[in-house]
Amino acid sequence: MLFLRRQRRGRGRDSLIDITLFAERAFSAAVLVQFLVIFALTGFSLFASQYLQLIVGLGPLEAGLWLLIPAIAAGAGAVLAPSLSKIVSTGAIIAGGLALIAVGAATMAFIQPDSGLPLLVVGMSLLALGVGASSTLNSDIVLTAAAPEKAGAASALSETGAELGGAVGIAILGTIGSTVYRHRLEDALPPDTPPDIAGPASETVGGGMTVADYLPPPLDSALREIAAAGFVDGLTLAATWSALGMGAAAIVVCLLLRTRPTGVETGPSQA
């Protein structure tokens, strides 16, 4: 509150953030969208890489190659969105992108330790497709909603929203995943488990899998199953809440941008 008050008093060259930009409904919606899409993309990329390597058992290179499919989907969304905006309103496309992110997250909410690649790749591809479509048109709204002399400040605020979304995505989704994993593992491990095993194993799924490598059969397999189940429980809970949140955000953004015209010319995606 003190910061906002100071910015209001320091309008002009002395203000760090021109908060009058947020008086424009379209600009506020655009910054919110930029925050949300990077929130989802960054948070679930963290889950996806761990799932492919630690649960499915792929190597780093193979896991990275599989994650090229969502990257291609993001590019497809970025290419198709400007053409689609000639016949569908910009607000509807951006809200539709958020809805696709929600569908992708909902798909990943059904992942199980033995699901393998399909659900994760499909879910991440839908999510990335929504990110590509939303971010492309969103960049245009940021610049056109502000006065020409404020275009630089508007673009900077949008980029800050994206950076904040990435940090918060890792923080919130990562915290959900690690908290659920830790509780699941502590409940599943026998009470007499030595501290030098229980401690590292309960910190992260990577720690659990590493500790399992040093245990004799069948303890190694049992610990891997427990660690995998705990990690997937955290992933599915984060995906469920993200699907609900993104679905609600799609409705809000659709209402905020309902007056945006069709046929908006856009520049390259800044996703």
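The values are calculated or read from the model by the stated rules, or taken from the named source; none is laboratory data. This one's a predicted model, so the numbers in the text were calculated from it and none came from an experiment. In this analysis, Cβ positions are derived from the backbone assuming ideal geometry, glycine residues included, and neighbour counts consider all displayed protein chains. Protein only, heavy atoms only, side chains kept; ligands, DNA and RNA dropped before computing areas. Shrake-Rupley method; radii C 1.70, N 1.55, O 1.52, S 1.80 Å.
Computed values, structure above
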item	result
Any chance R184 is closer than 25 Å to G59 by Cβ, crowded, with 17+ Cβ neighbours inside 10 Å and among the charged types (D, E, K, R)	no
Criterion (outside any helix (DSSP H, G or I) and either touching a His at 6+ places or on another chain (Cβ under 8 Å) or touching a residue at least 40 places away in the same chain (Cβ under 8 Å) (or both)) met by exactly one of V88, V31, V37	V88
Tally of residues being part of a helix (DSSP H, G or I) and more than 24 Å from the chain's Cα centre (by Cα) across the stretch 185-206	12
Residue in the stretch 82-92 that is open to solvent by 50 Å² or more (accessible area, probe 1.4 Å), within 19 Å of P118 (Cα to Cα), of a type in the set (A, V, I, L, M) and at pLDDT 90 or above present	no
Among the candidates G169, G161, G199, residue that is open to solvent by less than 20 Å² (accessible area, probe 1.4 Å), farther than 20 Å from T240 by Cβ and of a type outside the set (S, T, N, Q)	G161
Of residues in the stretch 138-157 being part of a helix (DSSP H, G or I) and small (G, A, S), the one surrounded by the fewest Cβ atoms within 10 Å (Cβ to Cβ)	G152
